[in-house]
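Q: So that we are looking at the same thing, I have put the structure below in C-alpha cells.
The values are calculated or read from the model by the stated rules, or taken from the named source; none is laboratory data. Not measured: the values here are computed from a predicted model. Here the Cβ positions follow ideal geometry from the backbone for every residue, glycine too, while neighbour counts run over all protein chains shown.
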Amino acid sequence: MVKPATQVKKLEVRDLSIRYGDEIALHSADFDVYENEIFGIIGPANSGKTSFLRAINRMNEMTPGMNVTGMVKFDGIDVKSWRDVYALRSRIGVVFPLPVGLPLSIYDNVALSPRLSGVKSKSELDDIVERCLTRAALFDEVKDRLDSLGSLLSGGQQQRLTIARALSQSPELLLLDEFSIAVDPVTTMRIEDVLKELKKEVTIVLVSNLVAQARRLADRTAFFLGGELVEVGETEKLFRGNVQDSRTTDYLEGRFG
Amino acid sequence: MSSFQTTDLNQSNRRKESLVRILLGMVTLTLIIPVGIILVTLIAKSEGTFSWAFFSEFPRNSMTEGGIFPALVGTLWLVAVALLASVPFGVAAAIYLSEYAEDTALTRAINLAIINLAGVPSIVHALFGVGAFVLFFEFGTSILAASLTMAVMTLPVVIVATRESLQAVPQPFREACWNMGATRWQTIWRIVLPNSISGILTGVILEVSRTVGETAPIMFTGAALFLPFLPTSVYDQTMAMSLHLYVISTQVPDVPEGLPYGVALTLIAIVMILNSVSIGFRTYLRGKKKW
C-alpha cells in the first residue's frame, strides 16, 4: 500500500549479529529503515527482535554478556562511533512491553527527560508535559492530577504515560517493543492512531507479536525467526503472499509460531 | 448432600494448621521474655537513681556518687563521629557495588571481605584501631580514633543494608532512565536513591544501636575511665556510657546498687530514642513509597 514517504535511510543495519555468551540472538542481519516510515518487526519469541532494539541505542553496553558485532548506522553514522552515547539515546524513544511508570508524579515522569537535557523553565516544561500527554491520548484523563504518582495509574494509562515520556525526548526514532501486551484493545487502537499521526515526524520501529497490528501499521515489515532475518518487504505484499520464503506466509497465516 | 463435605483429611489438615500456628506463636512470644525481664529488672533496681543531677553532673567520690553527664556527652560524640565516617563511605561503597561494579572475581572478593569483616570480633577491631588509628595515624587515644574504629566495625552493616535496598529498586526503572539518555549517576540520583532511602536508614539505625553499646573497640582507642572535663574536639579522650557502666559495675568498690542499673537503663533509653527518631523518619519516607 503505502510507499515510504522518503527513501532517506534512518537506520542501516549491516551484518549485525548479537550474542549472549555462546547463544546467538541475531545472526548477520542486513536491512534499512527509512525515515518517516513505520517499520514492523514480527516473529515468535526468541527471534532477536528485542535484542535488535537494544543494539540500536547501545543498551548492550548496560547488559552484561551481550555482545554485538557488525553495525547499525543511525543517520549514516555507526552508533558505536557516537562519542556521547547519552545524546544518542536521548534521540531515540523506547517503549517497553510492560509499562514502566517511574515512581515520580505524572508530571515528573514526562518532565524527566527534558530536565535531564537541561530544560529548567517551568513554563517550557509545562508546555512539553501537556503536549506529550495530549499526543499520547492521556492528557484529558490525568490533567487534574498531574501531581499524583505515575506508577499508580492503570496499566493502559501507564503505557500511554511511557509513550508520552518517550515523546518528551523529541525523538527522531521511536522504538516500540510489543507495546500493546498490557493494554486493552480500545486503548491499543487509540495508541495506533497516535502512531499513524506521529509517523509524519518520527521514524518508528514497531516490534509486534500481533501480525494484524503489523499489517495495520507497518509500511514495511521484517520477519525474524530464531535469530535469522527471514525477509523484509512491503507489509501488504507479504500479507498478499508475495514472499521470497514460504516460512513468512506460514507465520503470517498462523501455521506456526 | 452438599458437595463441600468435610473429609477426615480436611479435618486433620486443619488440626495440624492450628497446632503449627500455636507453636510458632509461642516460640515468637518467648523472644520478648528476655527483653521484658531486662527492662523490668533495670527499672525496678534503678529506682531512686534518676534525678536531674544524675544527668547533669559529673561523677564524684571515685564515681560512687554524682551523675553521668560526661559519659552521656561522650557517647553522643562517639556515635556522631562514627556515623559521619561510616555512612558516607558505606553508602558510596554500596552504590558502587550495586550500581556500577560488574560481576568479576574482584567484586566477589570484595563482597566476601565485607561479610567477613562483619564477623570479626569487636576486640580484634579494637586492637586494629590501636594499631591503625592511635599509633600509625597518630590520632592518639581520642574520640577520632575510637569513632573510626567503630566506623570500620559497623561499615559492613551499612554497606549490606544499603546494597540490599538499592537492589530492591526494580531494574526496569533503571532501564527506562538509561534508555532516555540518563547517565548511571542521574538514574541513581533521581530514581534509585529516593526509593531506597528508607532501607538505607535501617542500616544506619542498626549501626547506631551497635555503636552506642560497644565497649571493647573504644576501651583502648579513646574512652577514658574518668575525666573531670568534657571533650572539646575529636582529638580529646572522652568518657562513654558503655565503658562507664563496665567500670562502675566491676572496677569500683562501694558503688550504690542502683547506680549501675540506672546507667544501663539510660544506655538502653539512648538507643531507643535514637532508633525511634530514625524509625519515625523511615515510616514517614515509606508512606511516600511510590510503587
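Q: Need the failing condition index for B:Thr232 against (1) within 18 Å of B:Leu76 (Cβ to Cβ); (2) buried (at least 20 other Cβ atoms within 10 Å of the Cβ); (3) not basic (Lys, Arg), just the number.
A: (2)
Q: Against the condition closer than 23 Å to A:Arg91 by Cα and without any contact (Cβ under 8 Å) to a residue 24 or more places away in the chain, how does A:Asp32 come out, does it pass? Spell out the reasoning first.
A: Values: closer than 23 Å to A:Arg91 by Cα: yes; without any contact (Cβ under 8 Å) to a residue 24 or more places away in the chain: yes.
For A:Asp32, the condition - closer than 23 Å to A:Arg91 by Cα and without any contact (Cβ under 8 Å) to a residue 24 or more places away in the chain - is met.
Q: A further question follows. Specify the residue that is farthest from the other protein chains (Cβ to nearest Cβ); the eligible residues are those in region B:235-251 that are in contact (Cβ under 8 Å) with a residue 12 or more places away in the chain and surrounded by fewer than 18 Cβ atoms within 10 Å (Cβ to Cβ).
A: If we filter region B:235-251 for residues that are in contact (Cβ under 8 Å) with a residue 12 or more places away in the chain, which is where we start, we get B:235-248, B:251.
So of that shortlist, the ones also surrounded by fewer than 18 Cβ atoms within 10 Å (Cβ to Cβ) come out as B:235, B:251.
On the way: B:Tyr235: 44, B:Gln251: 54 Å.
Applying the filter and picking the extreme gives B:Gln251.
Q: Shifting gears a bit: Residues that are over 30 Å from B:Phe173 (Cβ atoms): find the strands (runs of 3 or more DSSP E) completely inside region A:152-257 holding 3 or more of those.
A: On the way: elements: A:173-177, A:203-207, A:220-225, A:228-234.
Those strands (runs of 3 or more DSSP E) span A:220-225, A:228-234.
Q: Turning to a different aspect of this structure: Filter region A:163-221 for residues that are buried (at least 18 other Cβ atoms within 10 Å of the Cβ), within 26 Å of A:Arg255 (Cα to Cα) and small (Gly, Ala, Ser) and give the result.
A: Once the filter is applied, which keeps residues that are buried (at least 18 other Cβ atoms within 10 Å of the Cβ), within 26 Å of A:Arg255 (Cα to Cα) and small (Gly, Ala, Ser), region A:163-221 yields A:Ser180, A:Ser208, A:Ala214, A:Ala218.
Q: Is region A:102-115 home to any residue that is under 21 Å from the mean Cα position of the chain (by Cα), of a type in the set (Gly, Ala, Ser) and within 12 Å of chain B (Cβ to nearest Cβ)?
A: Restricting attention to region A:102-115, the residues satisfying the condition of being under 21 Å from the mean Cα position of the chain (by Cα) are A:102, A:109-114.
The next check asks that each one be of a type in the set (Gly, Ala, Ser); those that pass are A:111, A:113.
When the remaining residues are screened for being within 12 Å of chain B (Cβ to nearest Cβ), the result is A:111, A:113.
Taking every residue of region A:102-115 in turn, at least one turns out to be under 21 Å from the mean Cα position of the chain (by Cα), of a type in the set (Gly, Ala, Ser) and within 12 Å of chain B (Cβ to nearest Cβ).
Q: Filter region A:134-165 down to the residues that are within 14 Å of chain B (Cβ to nearest Cβ), more than 21 Å from the chain's Cα centre (by Cα) and aliphatic (A, V, I, L, M) and list them by number.
A: A:Leu149, A:Leu152, A:Leu153
Q: Regarding A:Ile204, is this residue among the hydrophobic types (A, V, I, L, M, F, W, C), within 19 Å of A:Phe31 (Cβ to Cβ) and modelled with pLDDT of 90 or more? Before you say what the answer is, go through the steps one by one.
A: Numbers: among the hydrophobic types (A, V, I, L, M, F, W, C): yes; within 19 Å of A:Phe31 (Cβ to Cβ): yes; modelled with pLDDT of 90 or more: yes.
Considered against the rule, which asks whether it is among the hydrophobic types (A, V, I, L, M, F, W, C), within 19 Å of A:Phe31 (Cβ to Cβ) and modelled with pLDDT of 90 or more, A:Ile204 comes out as yes.
Q: Looking at region B:97-110, I want the residues that are of a type in the set (Phe, Trp, Tyr) and have a partner that is surrounded by 11 or more Cβ atoms within 10 Å (Cβ to Cβ) with Cβ atoms under 8 Å, at least 6 apart or on another chain. Which pairs are those?
A: Filtered contacts from region B:97-110: B:Tyr100/B:Arg184.
Q: Moving on. Are any residues in region A:116-128 in contact (Cβ under 8 Å) with a residue 24 or more places away in the chain and more than 13 Å from chain B (Cβ to nearest Cβ), and if so, which ones? Show your work before the answer.
A: So in region A:116-128, the residues in contact (Cβ under 8 Å) with a residue 24 or more places away in the chain come out as A:116-117, A:128.
A:Ile128 - this is the single residue of region A:116-128 that is in contact (Cβ under 8 Å) with a residue 24 or more places away in the chain and more than 13 Å from chain B (Cβ to nearest Cβ).
Q: Across region A:225-257, which residue is nearest to A:Glu37 (Cα to Cα) among those that are in contact (Cβ under 8 Å) with a residue 24 or more places away in the chain and of a type in the set (S, T, N, Q)?
A: A:Thr235
Q: Further question: Just need a number here: residues in region A:65-80 that are more than 26 Å from A:Asp22 (Cα to Cα) and within 14 Å of chain B (Cβ to nearest Cβ).
A: 1
Q: Is there any pair linking a residue in region A:46-64 that is over 13 Å from A:Leu225 (Cα atoms) and at the interface with chain B (Cβ under 9 Å from one of its Cβ atoms) to one that is surrounded by 23 or more Cβ atoms within 10 Å (Cβ to Cβ) and of a type in the set (Ser, Thr, Tyr), with Cβ under 7 Å and at least six apart or on different chains, and which?
A: No pair meets every condition.
Q: Could you identify the single residue in A:Met66, A:Met71 that is at pLDDT 90 or above, more than 30 Å from A:Arg255 (Cβ to Cβ), among the aliphatic types (A, V, I, L, M) and over 19 Å from the mean Cα position of the chain (by Cα)? Break it down stepwise before answering.
A: Values: A:Met71 fails: over 19 Å from the mean Cα position of the chain (by Cα).
Every option except A:Met66 fails the conditions.
Q: Conditions first: (1) of a type in the set (A, V, I, L, M, F, W, C); (2) closer than 17 Å to A:Val110 by Cβ; (3) away from chain B (no Cβ under 14 Å). A:Val183 passes all but one, so which condition is the exception?
A: (2)
Q: Within region A:149-161, is there a residue that is surrounded by fewer than 17 Cβ atoms within 10 Å (Cβ to Cβ) and within 24 Å of A:Glu201 (Cα to Cα)?
A: Looking only at region A:149-161, we keep the residues that are surrounded by fewer than 17 Cβ atoms within 10 Å (Cβ to Cβ), and these are A:152, A:154-155.
Subset that is within 24 Å of A:Glu201 (Cα to Cα): none.
No, every residue in region A:149-161 fails to be surrounded by fewer than 17 Cβ atoms within 10 Å (Cβ to Cβ) and within 24 Å of A:Glu201 (Cα to Cα).
Q: Determine whether region B:191-198 contains at least one residue that is on the phi > 0 side of the Ramachandran plot, in contact with a helix residue (DSSP H, G or I) (Cβ under 8 Å, 6 or more places away or on another chain) and within 14 Å of chain A (Cβ to nearest Cβ). Before the answer, list the steps.
A: Within region B:191-198, the subset on the phi > 0 side of the Ramachandran plot is none.
No; the residues of region B:191-198 include none that is on the phi > 0 side of the Ramachandran plot, in contact with a helix residue (DSSP H, G or I) (Cβ under 8 Å, 6 or more places away or on another chain) and within 14 Å of chain A (Cβ to nearest Cβ).
Q: Same structure, new question: Considering only region A:6-27, state which residues are in contact (Cβ under 8 Å) with a residue 60 or more places away in the chain and either in a helix (DSSP H, G or I) or among the small types (Gly, Ala, Ser) (or both).
A: A:Ala25 - this is the single residue of region A:6-27 that is in contact (Cβ under 8 Å) with a residue 60 or more places away in the chain and either in a helix (DSSP H, G or I) or among the small types (Gly, Ala, Ser) (or both).
Q: Looking for whichever is outside any helix (DSSP H, G or I) and farther than 26 Å from A:Pro64 by Cβ here; the options are B:Gly131, B:Gly203, B:Gly140, B:Gly181. Which one fits? Give the derivation first.
A: Numbers: B:Gly131 fails: outside any helix (DSSP H, G or I); B:Gly203 fails: outside any helix (DSSP H, G or I); B:Gly181 fails: farther than 26 Å from A:Pro64 by Cβ.
From the options B:Gly131, B:Gly203, B:Gly140, B:Gly181, the qualifying one is B:Gly140.
Q: Restricting to region B:252-267, give me the number of residues that are in a helix (DSSP H, G or I) and surrounded by fewer than 22 Cβ atoms within 10 Å (Cβ to Cβ).
A: 4
Q: If a residue has to be more than 7 Å from chain A (Cβ to nearest Cβ) and crowded, with 18+ Cβ neighbours inside 10 Å to count, how many in region B:163-189 make the cut? Before the answer, list the steps.
A: Going residue by residue through region B:163-189, those that are more than 7 Å from chain A (Cβ to nearest Cβ) are B:163-171, B:174-175, B:177, B:184-185, B:187-189.
Then drop every residue that is not crowded, with 18+ Cβ neighbours inside 10 Å, which leaves B:163, B:165-166, B:169, B:174-175, B:177, B:187-188.
Residues meeting the conditions: 9.
Q: Among the numbered criteria (1) more than 14 Å from B:His244 (Cα to Cα); (2) in a helix (DSSP H, G or I), which one does B:Gly74 miss?
A: Looking at each condition in turn, B:Gly74 falls short on (1).
Q: Look through A:Arg83, A:Arg131 and report the one residue that is in a helix (DSSP H, G or I), more than 19 Å from B:Phe173 (Cα to Cα) and more than 9 Å from chain B (Cβ to nearest Cβ).
A: Values: A:Arg83 fails: in a helix (DSSP H, G or I).
None of the others qualify; the one that does is A:Arg131.
Q: Cβ-Cβ under 9 Å, sequence separation 6+ or interchain: first residue in region B:14-42 and surrounded by 10 or more Cβ atoms within 10 Å (Cβ to Cβ), partner of a type in the set (A, V, I, L, M, F, W, C). Which pairs?
A: Correct list of pairs: B:Ile38/B:Ala264; B:Ile38/B:Ile268; B:Leu39/B:Leu265; B:Leu39/B:Ile268; B:Leu42/B:Ala264; B:Leu42/B:Leu265; B:Leu42/B:Ile268.
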